[in-house]
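S.K.: The structure is given below, and queries will be raised subsequently.
Taken together, the values in this text are just the output of simple stated rules run on the coordinates, not laboratory data. As the structure is a prediction and not an experimental result, all values here were calculated from the model. Heads up, the Cβs are rebuilt from the backbone with ideal geometry, glycines too, and the neighbour counts pull from every protein chain shown.
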Amino acid sequence: MPKQIEWTRRAVLRLGWFGIIAASTLSIDPLVKYLTSKEDQLQSPLVVYNKPLDKNSDWQSAATARVWVKRDSRGAMALVASCTHLGCEVTYHPNRKEWLCPCHGSVYDVEGRPLSGPAPKALQRAAVEIKPDGSLMINTAQQVEMDYRA
Amino acid sequence: MKDQNFVNHIRPRFIPDGVLTILYTFCLGGLSFLAFVILGVTGFLLMFHYQPGDSTGFGSILTIASVIPYGSVIRNLHYWAGQLMVVTVNLHMLRVVWTHSYKSPKQLNWLIGVALLILILVLDFTGYLLIGSQESGAAATVAVNILGLIPGMGKGLAQIMFGEPSALSGSTLVVYVWHCVGLPIFALFLQLYHFWRIRRDGGVRPL
């Protein structure tokens, strides 16, 4: 004959504790999913540059994103102005023909190759598409080589 | 001083036979506090994704309710716990009148309860404004205009309580701060004092 469970106060409270622990355990996964969701801050990797860009221009900032564009005799190119050391925003100084990082003093040459400072590699280049109206569509998610031209 | 300590008053020193029946209080105060705790936890979670503001409030609510994983569960728990609390707080007050529990020596606790009722209603109202829908914009406009009727200090009071809500959305940073920080902290401490006074005034039921 199976033992009859006696619903004493102690047994009920123990069941209550068990329920609380079970509910807490089950809610860990939903909580992590909720707190780590980035659905409400979607960031498009696409940047548009729609100002006129002269042939053989120097680097021009896209202003709305950390993207700079330039055009030479072979075509247009785009550079992502985030330092390859720890990701600070680098700025192009036209008078020095160099990219300077304000955080730890990295210096890059005009093509984005590291000259001095802690930067380990060249600034990232992004793929460019020239639209029929002449504006540029830069895809920062698509990394390209330094001699890439659109 | 030892027996005036809050912690020492959470449990009663003795419980007479016969007071444990649920039919005396119907646990309405306890249910209100349970709803308050749920509101605190879910409200804290909602703050991670809610963006107050004229143009962002309503959109972020929609995003929480439809896109964020489990966001709709948390949002609905917060909403319905708020509705439940307004109901249970009013029934609790009705019960206190019914059992004459507002009489001496509990007059002060009755007054604290009235203050808590007003606080809960303001919390409910500010939560309604934070939804940021057009209805909330209309409600905010009405509230600002009513407060503005108070001579002298009305305009300033409306500014302090609501900021400058537009007619299309009641979600402002000012309402957000009151709803998420100012009013809940005030309500929490007033509730703890409310509970402590029960025991001080001779209440012998466990909470």
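S.K.: What is the average number of partner chain Cβ atoms found within 10 Å of a Cβ in B:45-53? Write down the numbers at each step before the final one.
M.R.: Values: counts 3, 1, 0, 5, 6, 1, 2, 0, 0.
Per residue, the number of nearby Cβ atoms from other chains is 2 on average.
S.K.: Search the structure for amide H atoms under 5 Å from the amide H of residue A:144, placed 1.01 Å from N in the peptide plane, and list their residues when 5 or more places away or on another chain.
M.R.: Placed amide hydrogens put A:125, A:126, A:127 under 5 Å from residue A:144.
S.K.: Related question: Under the rule that an exposed site lies in a DSSP loop and has at most 12 other Cβ atoms within 10 Å, name the longest stretch of chain B with no trypsin sites (Lys or Arg not before Pro) of that kind, not counting the sites themselves. Can you show the working numbers first?
M.R.: Numbers: sites that count: B:13, B:103.
Longest gap between qualifying sites, sites excluded: B:104-207.
S.K.: Would you mind checking A:70/A:121; A:55/A:121; A:97/A:121; B:103/B:155; A:55/A:97 for any pair whose Cα atoms are more than 29 angstrom apart?
M.R.: Details: A:70/A:121 20 Å; A:55/A:121 27 Å; A:97/A:121 18 Å; B:103/B:155 38 Å; A:55/A:97 17 Å.
Over 29 Å apart, Cα to Cα: B:103/B:155.
S.K.: Starting with the fewest neighbours, write out A:72, A:109 ranked by other beta-carbon atoms found within 10 Å of each beta-carbon. All intermediate terms of the calculation are to be shown ahead of the outcome.
M.R.: Values: A:72 11, A:109 14.
In increasing order of surrounding Cβ atoms, one gets A:72, A:109.
S.K.: To continue, here is another question. Apply the Karplus parameterisation 6.51 cos²θ - 1.76 cosθ + 1.60, with θ equal to phi minus 60°, to every residue of region A:23-38 and state each ³J(HN,Hα) to the nearest whole Hz, in sequence, with x for glycine and proline.
M.R.: These are the phi-based 3J(HN,Hα) values: 5, 5, 4, 5, 8, 5, 4, x, 5, 4, 5, 5, 6, 9, 5, 10 Hz.
S.K.: Starting from region A:1-93, pick out the GluC sites (Glu not before Pro) whose DSSP state is loop and whose Cβ has at most 16 other Cβ atoms within 10 Å.
M.R.: Numbers: sites: A:6, A:39, A:89; in loops: A:6.
Of the GluC sites (Glu not before Pro), the ones in loops of region A:1-93 whose Cβ has at most 16 other Cβ atoms within 10 Å are A:6.
S.K.: Shifting gears a bit: I'd like the Karplus ³J(HN,Hα) series for region B:197-203: coefficients 6.51, -1.76, 1.60, θ = phi - 60°, whole numbers in Hz, and an x wherever there's a Gly or Pro.
M.R.: 5, 4, 5, 4, 7, x, x
S.K.: Please arrange B:179, B:194, B:100 by counting, for each residue, the other beta carbons lying within 10 Å of its beta carbon, fewest first. List each step's numbers first, then the result.
M.R.: Working: B:179 22, B:194 18, B:100 8.
Listing B:179, B:194, B:100 from fewest to most nearby Cβ atoms yields B:100, B:194, B:179.
S.K.: Which of B:80, A:17 comes first, and how do the rest follow, when ranked by fewest Cβ neighbours within 10 Å?
M.R.: A:17, B:80
S.K.: Moving to a separate point now. Quick one: 3J(HN,Hα) in Hz for region A:136-145, Karplus 6.51/-1.76/1.60 with θ = phi - 60°, rounded, Gly and Pro as x.
M.R.: 10, 10, 9, 9, 6, 7, 10, 7, 10, 6
S.K.: Across peptide A:28-40, what mean number of C-beta atoms from other chains lies inside 10 Å of a residue's C-beta?
M.R.: The mean count of partner-chain Cβ atoms within 10 Å per residue comes to 5.
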